[in-house]
Every structure is written in C-alpha cells, then in structure tokens.
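**Q** Have a look at this one before I ask anything.
The values are calculated or read from the model by the stated rules, or taken from the named source; none is laboratory data. Bear in mind the structure is a predicted one, so any value in this text is a computation, not a measurement. Here the Cβ is made from the backbone with ideal geometry for all residues, glycine too, and neighbour counts use every protein chain on show. What goes into the accessible areas is simple: the full protein's heavy atoms, side chains included, and nothing from ligands, DNA or RNA. Shrake-Rupley method; radii C 1.70, N 1.55, O 1.52, S 1.80 Å.
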Amino acid sequence: MKIPKRKFDVLVIGAGGGGLRGSLQLAQAEASVAVVSKVFPTRSHTVAAQGGMNAALANVLPDNWHWHMYDTVKGSDYLGDQDAIEYMCRAASKIVIEMEHFGVPFSRLENGKIYQRPFGGQSQNFGGDQAARTCAAADRTGHAILHSLYQQNIRAKTHFFDEFFAIDLIKDDEGFILGAVVLEIETGEPMLIEAKTTLLATGGAGQLFRTNTNAHINTGDGLAMALRAGVPLQDMEFFQFHPTGIAGKGMLISEAARGEGGYLVNKDGERFMERYAPHAKDLASRDVVSRSISIEVLEGRGCGPSGDYVHLKLDHLKREVLDKKLPAICESIRTFLGVEPATDLIPVYPTAHYTMGGIPTNRHGQVVVPVSTGEEPIPGLYAVGECACVSVHGANRLGGNSLLDIVVFGRAAGNDIVNFLQENRYHRPMSEESVESALGRLARWDQKGKGEPVDTIRRELQAVMEKYCGVFRNEDILSEGLGKVLEIEQRMSQVRLQDHSRIFNTARIEAMELENLIDIAVATVTSALARKESRGAHSRTDYPDRDDQNWLKHTLYYKDTRRLDYKPVKLKPITVESFPPKERVY
Amino acid sequence: MKFRIHRFNPETDAKPYMQDVELDIEPSKMVRDALIRIKAKDETLAFRHSCGEGVCGSDAINVNGTNALGCLTRLSSLQEPIEIRPVPGMPIIRDLIVDMEQFYHHYRAVKPYLIRHDPEPEVEYRQTPQQRDKLDGLYECILCGCCSTSCPSFWWNPDKFRGPAALLQAWRFLADSRDQATDERLRELDGPYRLFRCHTIMNCVTVCPKGLNPTKAINEIKKLMLKEMI
Ligand SMILES: Cc1cc2nc3c(=O)[nH]c(=O)nc-3n(C[C@H](O)[C@H](O)[C@H](O)COP(=O)(O)OP(=O)(O)OC[C@H]3O[C@@H](n4cnc5c(N)ncnc54)[C@H](O)[C@@H]3O)c2cc1C
Ligand code: SF4
C-alpha cells in the first residue's frame, strides 16, 4: 500500500515534558524535528503533575546534590543505576534554573528565589533531618512546566503533528529504527514519518489498573511499540502505588499535602505513620506509606462504613497554606468529594500511579540491549520520561523526581541525538516489509462481524491487574493473575469494532491502545511472578525480605517467547563513591 | 437520565441530528462519566477527553446551552433532558469534536513565551512573591476554549479577534515582572480587531472552568496601552 510520507532528522513520539524538552534541544540545534502526539501537546499528562520538581537549590534548607543522590538511591531500594542518578542529581539545579528562564511561574520566597517544599524520602546529610528540595509552582507544577515547554517549542518553531497516533516503529534488517507509521486521527489516514532517529516519550501505563491517577491516554503505547520491535522491557514488576489517591475515584492528592504539614490517620484518629516510620513519618518513601495504609485497612483500622480507606488530615493547616500552596488540590477535593479540606477529613487509598519500569536506556537516552560484551545501543532509537527506564527510580520513585527525570534526560537525549545525526547524515533505505507490518496492525481493525467489544476487555484487564498485581503479591495470586491476563490476550483476537468509519474514530484508537496495554500487562505480571523477593514497590508476602544476593539485578522481559533475562545494577556512579545496599529504614 | 446528544459523522450523515439516549447513572457522576458509559454501548460516539480532573482541557462541550468541561459538570446540577453539543462557532469534525486550529492560532500569535533582552544570569530571575501573585488567575489557563467559543465577538471575527483565551495569555506575559517585551506585545495588539473587538459581554468569565477572568485581563491590557501612549 502506498501511503503519504514525510521526512525529518528526528521523530519525537510524545509531547509531554520529556518529548518537548528533547524536541526543544533539537530545534535549537537546528535539526528538523517532528513531534507526534495523540493529543494536543498541553493535554499530555505531565500537565497533571502537582507537587513539584526536585533540585538541591538549598533555597529553604541546606542541601546539596550528593544528598539528593543518596536519597534517590535509597528510595530506589538500591535498584537504581547510580551513574544515571549521579548525572540527574548533579544536573538538577541547572535544569530547574533553565526551566525558570523558560518562564515557569515558580512560587517564590521573600528573597525572590524559587520556593521549595519538603517531599517524601528527602533528607539532609545522608539520612539526617528532613530536606526541602521540591521546587513548586503552587500545586500546579506539571501544568506550569508543560505549558512553558510547549511555549518554548512554539518559539523554536518545532514541527508539530497534533492528534496523530503512532502505530508502530519501523525497523530494517540491520536493526536500525527508521521512524514510525502514524495515523492522522482526524482523517483516519496512515502516514509514514521517516527519521534518522526516533525518540520515544510516550509516558506511563497507569491505565493498566482500574483505579489510577493517570489520564485516559496513559496506555503505555511506546512500551508496547518497543516490545514489538524486539526491545525488552526493564523492571516492569515495579509499579508505584501512590499513597493518597481519592478513595475509590483515583484523583491524586499530591504528596505536597503532606509536605505542607498534612498527615494520615486511621479510624481511631491515630497518626499511624509514627509506628511504621518513626523518623520520616508521613514523608517516608511512597512504597512504605502505601503498604502502611494497606496494612491499616487489612487489620481493621480503616475508616468509613466498609473500613476500606484512611483519612488524610489537612484541617489543621493554615488557611493561607491551603489557598496559596495547595489551591488546585483543594479545588479537586471540593469538586470530586464535595467536602471542605479546611474542615473535613479526606478519604484516601493507595492508587496506581507511576510506571517505574520501561524501555531500557543509558544516561544519554539511547535504548540499549544486552550483548555478550555488555550493552549496545539500538541505532536510531532513544527513549525518555516515564516510558523509559534509565533507571533513576529503581524499585521506587521519589516524589518530585519524575518531572526532573523527564527534563534532564529529555535534554540529554536531545544532545546525544545531535551527535548521532553528525555521524548518520543520510536516511537509510526504507524497509517496506516493516511498514506493511505496521499497516497490518491498523487493517486488523477493519475486520467486521460479531465479537466482544473493546470496552469489556479493557475493564476486565484493569480489574484483573488490580486484584492480582496490586500492592501485595504472592506466588498463588500472581500465577492466577498471569493465567487471567493470558486468557484475555487470547480473547483479543475475537474482538471486533462496530465503528469502521475513518474520521476521528476514537474506538479504533482505543482498540490499539488496549492491544498495547495487554502486552504490557503480560510483561508486568510475568516479571513480578519471577522476582522472588520484596524490594521497593514489589512486595511479596511469600518473600518478605530484600534479597541482594540473588536479586540485586534488573529484569528484562522479551515479548517473543515471554522470555526473561537479567542484567546487573550499575552500582558505580560517575565520579563519587558508590552507595552500597544497606537496610532501608525511614 | 435523559440525554440529547449532537451526532454527526460526515461519512454517513447528510447533516447533524440530535440523538435521544436514556442511561441509568447516578446523578452524582459527571457528564464525562455519562458520555463514557454511552460510548461503551455505542462506540461510534466521538468526543475528546483525557485527564478526567479538569487540567488537560480536552473535553470542552456545550451542556444545556453553556460551555463547560464534561469532567467537572455534575449531572445532578443539570435539567433533563441534558443536551450535549459541541462548543459553538467552530467547524465540527464529528459528533462533539470541533476543529480548534483557529483558537490555537491566536494563542500562538500572542507570542506566549517569556521574552528577555538582557543576558541570562546563572541563577533564577528574582521575582518577589507580590510580583508572582500577579500571575495567579492567568497562568492556570488550560486552553480548553470554553471562553473564546462562547464569545460573540469571536464568532463574528474568528480570523481577526484574538479572543479571550489568547488575550488572557498576552496579559499573563505582560504582567510577568520577568518579561521585557512590553512594547512589542502592545504594538502587536493595537488596531481595531485583535484586542478591541472585546465588547465586555463577559460570557468568557461566566464559563471559564478554572474561574479565570479574561475580561479583566483585556481591560488591564487596554489600561496599559493608554498609560504607555501618554
Ligand atoms: C496526577 C499526577 C501527579 C504527578 N505529580 C508529580 C510531581 O509532582 N512531581 C513529579 O516529579 N512527578 C509527578 N508525576 C509524574 C510525572 O508527572 C510523569 O511521570 C511525567 O510527567 C511523565 O512525562 P512524560 O513526558 O514521560 O509523559 P506524558 O506527559 O504522559 O506524555 C506522553 C506523551 O506521549 C503521547 N503519546 C502516547 N502514546 C502515543 C501514541 N501512540 N502516538 C502518539 N503520541 C502518543 C501523548 O500524547 C503525550 O503527548 C505525577 C503524575 C501524575 C499522574
Ligand atoms: S481562560 Fe478559562 S475558559 Fe478560556 S481557555 Fe483558559 S481555562 Fe479555558
């Protein structure tokens, strides 16, 4: 089939913070860049980030990047790669200041500097007192960052393909990635975007779970595209459950609420985090707080008629703090719960939030796969942001480190791509075979007749993932879960669309998103079943302890035979001494 | 509950029509929840939506005659049958989906980015909390388009009048103590149309789901223009 074709130096798939920081770097270096996004750029889910972005500016309390590095390594439960973590924490201050220069309306201190608030898992002096490291624009930091980055891209004249859906990557016989086949949603017509390099920045996969803090569009498309291109996914068993989603609904109440002085109570009004984390209390790492809430509920100390949530208490905070520092959260609580944060308790429960795993990359954003001598980049393929696993978050991400991750590595990837372009000046011959196969994915949905609807399967998948791959896991639950997910995968071939129109056919998009989610679900459950230890967000009741002897390693999952492989954690930083694994207490 | 939904698929329908739908749904749910459930039964219904909490700005629609975000509009606040249409004044692509390009064009045209002429310091530009307060009520815009598509001046001059959302953003940068392009920005807005087509009808203020006030921003720009002229 002949389809329209466009040619660029670089194709960026995704217009969240990661993609837009990458494209900006490239546009400024005068590369020709196309950014493809399935929604208008400012509707990407980075817009929903609330609390802020970490950098050791030391504007409020003493701080330095090395302490930030220590906290991140510890937060990751020692699964994070220390070279990438050093790189990110060292770069943080410069990057935040650059974002400020781009126009981000950060909240301010009296002396005119950027406002910083305490967040979970932060300490001064390698595990000492609480630090205040999170740079914030009230509780709308993601919105402020995403809009500023889009605005800078307007200024740099980046080429946008808004409301284009990427279907699959194009790969030639030598393993080079040559761009992607995309679908113009408005017309329903496919198009080939040829590029010397492709940067995946498609965000997370929170829609794997029924209750989540993510947007409808967070279906992990980039992860599934990578899998289909033969790239493994790394550490997919580590999915973050945020301690404070609005119970039963999922909207997030940022850690900023606890950073500004809020805390959790059980049905007896007890501030239970004092028992689980005597030092950091409500600002312990997210995995720790989420497990504590789950235990309170399991042991009968939950709140409400069914005892299935706990309360977040903000009513003791000063009116000014609520109005100035947490305005959007308060608005959300009023809209979705109909309660008043200044006087009422807020029902919260751990909610699926962040994909720690993803496409394996090095700290330059290059997608890497293991070879006998170590690792090798896949030529022409980069990944950044929540879809990537670099890995700075390891087994548990610290709040405020993802907004940082996306801009640090978006920028780094942009720079590295500029080098790649210098060495790879010409487009390679197109692989027609690969284009046909991508088009086949689209054509499959033209099949007519009776079959199960997409919506039913998606709901079932989300319910299964929530039940069988949640905060606490064990061998039996995960095995059963894997069976269910594989059965859903089987049924997918019988699914049919009723809507076969071309123009703005959202049903077709949702069908392809569901295929992606299923691939990722299989990867997640398979990886979780294999890891026989508890580390960070992966909590096995049958293996309650961390096992560094056998499991201080990254998981790699391949789609072809559902094969697993492992690779070592990079314990060696770039310049400083390694932080060796030790017991993790808060 | 009873709904009347605007339907139009250019591939099969000669012209738009209103479809009656009955749905069993708790009135405490939002309009977006209702649309999602309706789509689960009839997947041909097309509408935009994403975050579900009023920050992405995808799901601007017209509900019982007023522009709003589907995800923030509670069913119980509405009279039945609940009439759902695309936002007015824009070319309709399908069902509830309109072509927003004109709206985005005006946004890009006001140069919605910080402009500085001085060399960059190695630290943050200083801004006092009071200076920063001036951006509250401006930077929160989610580009949903509820305001501009409810503005008669924008319907009549969609190609020339910038519209409330773009002008709010123009003021967001004029009001920013860090920005150094006041003259350029004001010059760009001068003339009979871009700014001055605003007739303070104030629909924009009534519908903005974020509680922002574009009319006030427009007046501030006018005041600043006057001041600069003298
Ligand atoms: C509610 C919430 C609050 C958060 N708060 C914080 C916080 O305070 N601090 C912090 O550090 N982190 C926070 N996070 C995490 C952080 O916001 C995200 O991890 C980060 O923004 C992800 O950015 P991204 O650029 O990787 O992806 P996204 O912003 O999700 O962007 C993905 C992009 O990819 C595009 N895309 C996806 N698939 C396709 C496809 N098939 N074809 C075309 N385009 C596609 C989308 O259109 C979109 O443009 C929060 C997350 C949530 C959900
Ligand atoms: S000003 Fe309000 S109504 Fe207008 S686009 Fe912005 S958020 Fe939407």
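**Q** Label 7 Å along Cα→Cβ of A:Ile574; segment A:357-377 residues with amide nitrogen under 12 Å?
**A** A:363-365
**Q** In addition: Quickly work out the A:Glu340-to-A:Ser32 label distance, labels modelled 7 Å from Cα along the C-beta direction, and quote it in nm with one decimal.
**A** Label at A:Ser32, label at A:Glu340, 6.0 nm between them.
**Q** I'd like the orientation of helix A:286-298 relative to chain A: the angle between its Cα long axis and the longest Cα principal axis, in ° from 0 to 90, rounded to 10.
**A** 70
**Q** Another question about this same structure. If DNA, RNA and ligands are ignored and the probe is 1.4 Å, what is the ranking of A:His500, B:His199, A:His242, A:His159 by accessible area, most exposed first?
**A** B:His199, A:His159, A:His500, A:His242
**Q** Kindly express, to the nearest 10 degrees and within the range 0 to 90, the angle between helix A:475-491's C-alpha long axis and the longest C-alpha principal axis of chain A.
**A** 30
**Q** A:Arg210 accessible area, nearest 10 Å², 1.4 Å probe?
**A** 150
**Q** Follow-up question, since we're still on this one. From the protein chains alone at 1.4 Å, what is the descending order of accessible area for A:Asp129, A:Asp168, largest first?
**A** A:Asp129, A:Asp168
**Q** Run the quick spin-label model on A:Arg444 and B:Glu101: label points 7 Å from Cα toward the beta carbon, then report their separation in nm to one decimal.
**A** Between A:Arg444 and B:Glu101, the label points sit 3.2 nm apart.
**Q** Where the centre of each part is set by its Cα atoms, how far does segment B:159-214 sit from segment A:359-388, in angstrom?
**A** Rounded to whole Å, the Cα centres lie 45 Å apart.
**Q** Turning to a different aspect of this structure: Taking the dipole about the Cα centre of segment A:164-222, with the C-beta of Lys and Arg at +1 and of Asp and Glu at -1, give me whichever of A:Gly179, A:Phe209, A:Thr197 is farthest to the positive side.
**A** Value: A:Phe209.
**Q** Residues with beta-carbon under 10 Å from that of A:Gly250, excluding A:Gly250: net charge, scoring Lys, Arg +1 and Asp, Glu -1?
**A** +1
**Q** Sticking with this one: Ignoring ligands, DNA and RNA and using a 1.4 Å probe, state the total buried accessible area between A and B in Å², rounded to the nearest 100. Walk me through the intermediate numbers first.
**A** Details: alone 21620 and 12390 Å², together 29100 Å².
Using a 1.4 Å probe on protein heavy atoms, the buried area is about 4900 Å².
**Q** Okay, moving on. Could you state the number of Å between the C-alpha centres of segment A:140-204 and segment A:468-524?
**A** Spelled out, the Cα-based centre of one part sits 24 Å from the other.
**Q** What residue among B:Asp42, B:Asp33, B:Asp20 has the largest mean-square fluctuation in a Gaussian network model of chain B, using Cα springs under 10 Å?
**A** B:Asp42
**Q** Enter the mean number of other protein chain beta carbons within 10 Å of the beta carbon of each residue in A:103-113, as an integer.
**A** Partner Cβ neighbours, averaged per residue: 6.
**Q** What is the helix-to-structure angle for A:401-423, meaning the angle in degrees between its Cα long axis and the longest Cα principal axis of chain A, kept from 0 to 90 and rounded to the nearest 10?
**A** Result, in degrees: 30.
**Q** Report, in cubic angstrom per residue, the convex hull volume of the C-alpha atoms of segment A:1-111.
**A** 171
**Q** What does the charge count near A:Ser434 come to, summing +1 for each Lys or Arg and -1 for each Asp or Glu among other residues with Cβ under 11 Å from its Cβ?
**A** Summing Lys/Arg as +1 and Asp/Glu as -1 gives -4.
**Q** Also, quick follow-up: If I take all pairs of Cα atoms in segment A:216-278, what percentage of them are more than 15 Å from each other? The partial results should precede the final answer.
**A** On the way: 1390 of 1953 pairs.
Summing the P(r) of segment A:216-278 above 15 Å gives 71 percent of all pairs.
**Q** Mind checking the alpha-carbon convex hull of segment A:243-350 and giving the volume per residue in Å³?
**A** 89
**Q** On a 20 Å Cα-Cα criterion, which of the cross-link pairs A:Lys448/A:Lys559; A:Lys113/A:Lys281; B:Lys2/B:Lys29 come out too long?
**A** The pairs that break the limit, which is 20 Å between Cα atoms, are A:Lys448/A:Lys559; A:Lys113/A:Lys281.
**Q** Note the per residue figure in Å³ for the convex hull of the C-alpha positions in segment A:455-586.
**A** Details: hull volume 22.8 nm³, N = 132.
Spelled out: Cα convex hull of segment A:455-586, divided by residues, is 173 Å³.
**Q** What figure, in Å² to the nearest 10, do you get for the accessible area of A:Lys249 with a 1.4 Å probe and non-protein molecules left out?
**A** My reading of the accessible area for A:Lys249 is about 100 Å².
**Q** At 0.36 nm per residue, and after removing the present C-alpha to C-alpha distance, how many nm does the segment from B:Ser77 to B:Arg187 gain when stretched out fully?
**A** 35.2 nm
**Q** Mean 1/r over all different Cα pairs, inverted: what Kirkwood radius does chain A give, in Å? Let's see the in-between values first.
**A** Working: mean 1/r = 0.0419 Å⁻¹.
When all Cα pairs of chain A are included, the Kirkwood radius is 23.9 Å.
**Q** I would also like to ask the following. When all protein chains stay in place, what accessible area (Å², nearest 10, 1.4 Å probe) is found for A:Tyr566?
**A** Rounded to the nearest 10, that gives 60 Å².
**Q** Could you calculate the contour length gain from A:Asp308 to A:Glu480, that is, 0.36 nm times the residue separation minus the distance between their Cα atoms, to one decimal place in nm?
**A** Net length gain for the segment: 59.5 nm.
**Q** Okay, next question. If r is the Cβ-Cβ distance from A:Tyr566 to A:Val371 and R0 is 22 Å, what FRET efficiency results, to the nearest 0.05?
**A** Values: r = 14 Å, r/R0 = 0.66.
The formula returns an efficiency of 0.90 here.
**Q** Summarise the accessible area of segment A:446-547 (1.4 Å probe, protein heavy atoms) by the percent that is carbon and sulfur.
**A** 51
**Q** Percent relative contact order of segment A:304-386, based on C-alpha pairs within less than 8 angstrom and at least six residues apart?
**A** 25
**Q** Per 10 Å bin from zero, what fraction in whole % of the C-alpha pairs of segment B:118-230 is there, up to the bin with the longest pair?
**A** 14, 43, 31, 10, 1
**Q** Same structure, new question: With labels modelled as points extended 7 Å from the Cα through the Cβ direction, what inter-label distance (nm, one decimal) is found for B:Lys29 paired with A:Glu270?
**A** 3.9
**Q** Grab the Cα-Cα distance for A:His427 and A:Glu98, subtract it from 0.36 nm times how many residues apart they are, and report the gain in nm with one decimal.
**A** 115.2 nm
**Q** Can you give the calculated 222 nm mean residue ellipticity of chain A, where each DSSP H run of n ≥ 4 adds -39,500 (n - 2.57) and the sum is split over every residue, rounded to the nearest 500 deg cm²/dmol?
**A** Here the helix-only value at 222 nm equals -11000 deg cm²/dmol.
**Q** Which whole-number percent gives the relative contact order of chain A, counting Cα pairs below 8 Å spaced six or more residues apart? Please report the intermediate quantities before stating the final value.
**A** Working: 1385 pairs, mean separation 126.7, N = 586.
Computed value for chain A: 22 percent relative contact order.
**Q** Per the Cauchy relation, a quarter of the hull surface: what is the mean projected area of the convex hull of the alpha carbons in chain B, in nm²?
**A** Across all orientations, chain B yields a mean hull projection of 15.1 nm².
**Q** How many angstrom lie between the Cα centre of segment B:38-52 and the Cα centre of segment A:414-449?
**A** A separation of 30 Å, based on Cα centres.
**Q** Got a sec? What order do A:Lys448, A:Lys567, A:Lys94, A:Lys2 fall in by accessible area at 1.4 Å, biggest, i.e. largest, first?
**A** My answer, sorted largest first, is A:Lys2, A:Lys448, A:Lys94, A:Lys567.
**Q** What percent do you get for the relative contact order of segment A:102-190 when only Cα pairs under 8 Å and 6+ apart count?
**A** Computed over segment A:102-190, the figure is 20 percent.
**Q** Which cross-chain or sequence-distant (5 or more) residues have an amide H under 5 Å from the amide H of A:Ala166, H modelled 1.01 Å from N in plane?
**A** Result for A:Ala166 returns A:Leu183.
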